[in-house]
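I'd like to ask you about the structure that follows.
The values are calculated or read from the model by the stated rules, or taken from the named source; none is laboratory data. Everything quoted here is computed from the prediction, not taken from an experiment. When we count neighbours, we look across all protein chains shown, and the Cβ atoms used for this are built from the backbone with ideal geometry, even at glycine. To get the accessible areas, we keep the full protein, side chains included, count just its heavy atoms, and leave off ligands, DNA and RNA. Shrake-Rupley method; radii C 1.70, N 1.55, O 1.52, S 1.80 Å.
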Amino acid sequence: MDHLQLSRRNFLKGGAGFAAAASLASLVGCGGEPVTSSDGAGSGDQAASKIVLGRPVDSNNLDPVTCIGNENIFMFNLIVEGLVKTADDSGDIEPCLAEKWDVSDDGRTYTFHVMEGLKFSDGSDVTAEDWKWTFERAMAATDSHWYSCVENIESVECPDDTTVIVTTKEAAASTLANLSIFEVGVQSKAHFDEVGEEEYVNAGPVGTGPYVLDEWVKGEYMTFKANPNYREEGLPLTEEIEFRVVADDNSRVIQLQGGDIDVADSVPFASLQQLEGDANCSPQVDPSTMVYWISLNTQNEYLSNPQVREALYQATDAQEIVDMTSYGYAETAGSVISATSEYCDTSIEPPVADVEAAKKLLEEAGYPDGFEISLLLRGGNALYESIAQVILDQWKKIGVTVNIDSRESTAYSQARNELDLDVVISGWSDDVPDPTSLMQFIFDYDAAFGYYSGMEQPEELQEVNRQATVELDVEKRKELYAQIQQAFREEAIFIPFMSVPWASAIRNNVTGYIQTPMGNYRFQEIAVTE
């Protein structure tokens, strides 16, 4: 199948089952010693061979409740499984460890009937205590970045090992979608008690997923072995998967072509074209929910002025950014909510440059000669660097000088997480098929400083978001989320510009490589053929 032609114009409407790559927005890596799982390796009878995936940065936190960042999130589908899951095309919610469920007449109580005989990867039984503890730990962590997914849960009761009863505070259309979040994938309480909360970020959870963390040399690689107790007989097909850190974009492509790695993640769009004629490798460009925008820090002297923010919005041309940086693989975006979502307000047009209008706004704001600001950038990312250059050139036309503040991954992450920035390129790919998770990052100021805008949203808009979270009528939810997106446009704290597919490349002897539009790895059937 011609993945390239599919994705250039139709990736937002594409189906499931295609090969894909990890996030273009992965951020953090650090040095350290190996961390070895107590579970040991997978069964040689189940799987054979090894696959190496090269990615730009390392994970830094494998605690599903406290983590942040796609470099961590995308690992969890390998380790833990929940009551329900998203379909491979990320469109529907499907059974996972729960074979079926019943919903009460008032829509508040969900009774899940769980598979019998489930075991964790260490061979221990999955018990009612594990289910209840998993949920209650997530529910107690009100400072978690994923709290919005469990905030509406009132109680969880587990009368036996195969029954999980979830009662919500209010009936909500988002309930099943939110239950697909990784933080409520069942985890072994005994393992958590053994390693302790502080070490959980390194040891990771013991779950029922197809793989188990075997070794982690931070900043270099992490390896996963096949789960010897996996519930699906004969799976996974591959014994070992190594996630190797190859920070430089070009180096990942070179290592792929040389056979040192089997999959290259986050491949620059320019390199995808170069790989089209390679006899041993194939570019992979597939549907995603990834949207990029510019976050403006409203605590900055200049950016605190709404007219200045609007001027920068009107100085930005989304189509030019797409044309200059994506080689035809991306599409313009007008909202922070992905166009793949039914809740995206498509009436909001992507920004189109109006230089004269922007200059007039700056003059009215008291800055007729412009000013200087810095754009925080993670070094080594070819896409970010090319986007930054286009923005620099566009804003220069209205007298705004942009100084690129390029930092290596750890320093970049620290600056961003401390709001030590003027402007930053932000991105989001959905973790559940519902806007609730993204909205937490924007409305819960402590989660990410209003998604690095430095703005706490007014109580009136906070209330609209609360209503949207629990509203049962889909059309009314669309209206509420449209109201929120219109408010973001009026505030001009975000400048959306581009939706991108997952861009990766694989050796031609790799089969079964699946990453869903939300980024989840589905590696049960990944394999290397002779």
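Could you compute the FRET efficiency for SER104 and ASP369, with r as their C-beta to C-beta distance and R0 at 45 Å, rounded to 0.05? Please list the in-between numbers first.
On the way: r = 64 Å, r/R0 = 1.43.
Efficiency at R0 = 45 Å is approximately 0.10.
Explain nothing, just the number: relative contact order of the chain, from Cα pairs under 8 Å at least 6 residues apart, as a whole percent.
Details: 1287 pairs, mean separation 128.4, N = 530.
Value for the chain: 24 percent.
For n ≥ 4 DSSP H runs only, could you compute -39500 (n - 2.57) per run for the chain, divide by its residues and tell me the 222 nm figure to the nearest 500?
Values: 18 runs with 163 residues, N = 530.
Taken over the chain, the calculation gives -8500 deg cm²/dmol.
Taking every pair of alpha-carbon atoms in segment 41-180, give the share separated by more than 20 Å as a whole percent. The partial results should precede the final answer.
Working: 5311 of 9730 pairs.
It works out to 55 percent of all Cα pairs.
Membrane-span-like helices in the chain: DSSP H runs reaching 20 Å or more (Cα, own axis), mean Kyte hydropathy at least 0.0? Intermediate results must be reported in sequence, preceding the final value.
Values: long enough: 382-396 (21 Å, 0.23); 474-491 (26 Å, -1.32).
The answer, listed by residue number, is 382-396.
Ok, one more. Which three lengths, in whole Å and largest first, does segment 383-530 cover when its Cα atoms are put on their principal axes?
Largest to smallest, the principal-axis extents are 60, 47, 28 Å.
Further, regarding this structure: Simple spin-label model, 7 Å along Cα-to-Cβ: GLN483 to SER49 in nm?
Placing both labels 7 Å beyond Cα along the Cβ direction yields 5.5 nm.
Another one. Given a cut-off of under 8 Å on Cα pairs at least six residues apart, what relative contact order in percent is computed for segment 442-483? Mind showing how you got there, number by number?
Numbers: 27 pairs, mean separation 10.4, N = 42.
Relative contact order comes out at 25 percent.
Viscosity 1.567 mPa s, temperature 4 °C: Stokes-Einstein D of segment 448-530 from its Kirkwood Cα radius, in µm² per second? Present the calculation step by step, with values, prior to reporting the outcome.
Details: Rh = 16.7 Å.
In µm²/s, the coefficient is 78.
Something else now. What is the extension gain from VAL352 to MET324, computed as 0.36 nm multiplied by their sequence separation minus the C-alpha to C-alpha distance, in nm to one decimal? Provide the component values of the computation, followed by the final result.
Numbers: separation 28, 0.36 × 28 = 10.08 nm, distance 1.46 nm.
Once the chain is fully extended between VAL352 and MET324, it gains 8.6 nm.
Can I ask one more? What are the extents of the Cα atoms of segment 180-268 along their three principal axes, in Å, largest first?
43, 34, 25
A follow-up question, please. Which GluC sites (Glu not before Pro) from segment 259-330 combine a DSSP loop assignment with at most 13 other Cβ atoms within 10 Å? Working shown, then result.
Numbers: sites: GLU276, GLU301, GLU310, GLU320; in loops: GLU276, GLU301.
Filter output for segment 259-330: GLU276, GLU301.
Whole-Å semi-axes of segment 179-225's equivalent ellipsoid, largest first, each the root of 5 times a Cα gyration tensor eigenvalue? Walk me through the numbers before you get to the answer.
Values: eigenvalues 70, 42, 21 Å².
Equivalent ellipsoid semi-axes, largest first: 19, 14, 10 Å.
Now for a separate question. Determine the per residue accessible area of the chain with all protein chains present and a 1.4 angstrom probe, expressed in square angstrom. The partial results should precede the final answer.
On the way: 19550 Å² over 530 residues.
Using a 1.4 Å probe on heavy atoms only, each residue of the chain averages 37 Å².
Further, regarding this structure: Remind me, relative contact order of segment 194-346 in percent, using alpha carbon pairs under 8 angstrom and six or more residues apart?
On the way: 133 pairs, mean separation 18.2, N = 153.
So the answer I get is 12 percent.
Once you treat every alpha carbon in segment 262-373 as an equal point and sum by Debye, what is log10 I(q)/I(0) at q = 0.14, 0.17, 0.19 Å⁻¹?
Those come out to -0.75, -0.94, -1.05, one per q.
Next question. Do me a favour and compute the ellipsoid semi-axes for segment 390-435 from its Cα gyration tensor, root of five times each eigenvalue, largest one first, whole Å.
After scaling each eigenvalue by five and taking roots: 25, 17, 9 Å.
Something else now. Under 26 Å from the Cα of LYS360, which lysines turn up, not counting those fewer than eight places away in the same chain?
The reachable lysines, counting only those whose Cα sits under 26 Å from LYS360, are LYS396, LYS397.
Hey, another quick one. Using only the heavy atoms of the protein chains and a 1.4 Å probe, how would ASP106, ASP214, ASP160 rank by accessible area, largest first?
Values: ASP106 85, ASP214 25, ASP160 65 Å².
Ranked list, largest accessible area first: ASP106, ASP160, ASP214.
Under the classification rounded if a/c is under 1.5, otherwise prolate if a/b is larger than b/c and oblate if not, where does the chain fall, given a ≥ b ≥ c as square roots of the Cα gyration tensor eigenvalues?
Values: a/c = 1.83, a/b = 1.30, b/c = 1.42.
Oblate is the answer for the chain, as a/c is 1.5 or above yet b/c matches or exceeds a/b.
Given Cα positions, please report Rg to Rh for segment 348-394, the hydrodynamic radius being the Kirkwood one. Intermediate results must be reported in sequence, preceding the final value.
On the way: Rg = 13.7 Å, Rh = 12.9 Å.
My calculation puts Rg/Rh at 1.06.
Also, quick follow-up: Let's test this: bin the Cα-Cα distances of segment 157-311 at 5 Å from zero up to the farthest pair and state each bin's percent.
1, 6, 9, 10, 12, 13, 13, 13, 9, 7, 4, 1, 0
Given the pairs LYS189/LYS478; LYS85/LYS189; LYS132/LYS218, which span a C-alpha to C-alpha distance of over 27 angstrom in this model? Display every interim value, and only then the final one.
Values: LYS189/LYS478 39 Å; LYS85/LYS189 21 Å; LYS132/LYS218 32 Å.
Violating the 27 Å limit, Cα to Cα: LYS189/LYS478; LYS132/LYS218.
Turning to a different aspect of this structure: Of the beta bridges DSSP finds with both residues in the chain, what % are antiparallel, to the nearest 5? If you can, show how the numbers build up before the last one.
Details: 58 of 76 bridges.
Within the chain, antiparallel bridges account for around 75 percent of the total.
Give me the extension gain from ASP193 to ALA415: residue separation times 0.36 nm, minus the current Cα-Cα distance, reported in nm with one decimal.
Values: separation 222, 0.36 × 222 = 79.92 nm, distance 3.32 nm.
Once the chain is fully extended between ASP193 and ALA415, it gains 76.6 nm.
Using 7 Å Cα-to-Cβ label points, what is the VAL474/ASP160 separation (nm, one decimal)?
3.6
I would also like to ask the following. Once amide H atoms are built 1.01 Å from N in the peptide plane, which residues 5 or more positions from ASP405, or in another chain, come under 5 Å H to H?
LEU375, LEU376, LEU377
Turning to a different aspect of this structure: In whole angstrom, how long is each semi-axis of the equivalent ellipsoid of segment 90-164, when you take the square root of 5 times every eigenvalue of its Cα gyration tensor and sort them from largest down? Kindly include the intermediate steps, with their values, before the conclusion.
Numbers: eigenvalues 83, 62, 36 Å².
Square roots of five times the eigenvalues give 20, 18, 13 Å.
Any idea what % of Cα-Cα pairs in segment 320-459 are farther than 27 Å?
Numbers: 2825 of 9730 pairs.
Pairs farther apart than 27 Å: 29 percent.
Moving to a separate point now. How large a share of the accessible area of the chain, in percent, is made up of carbon and sulfur atoms when the probe is 1.4 Å and the other protein chains stay in place?
Working: 8570 of 19550 Å².
About 44 percent, which is the carbon plus sulfur part of the accessible surface.
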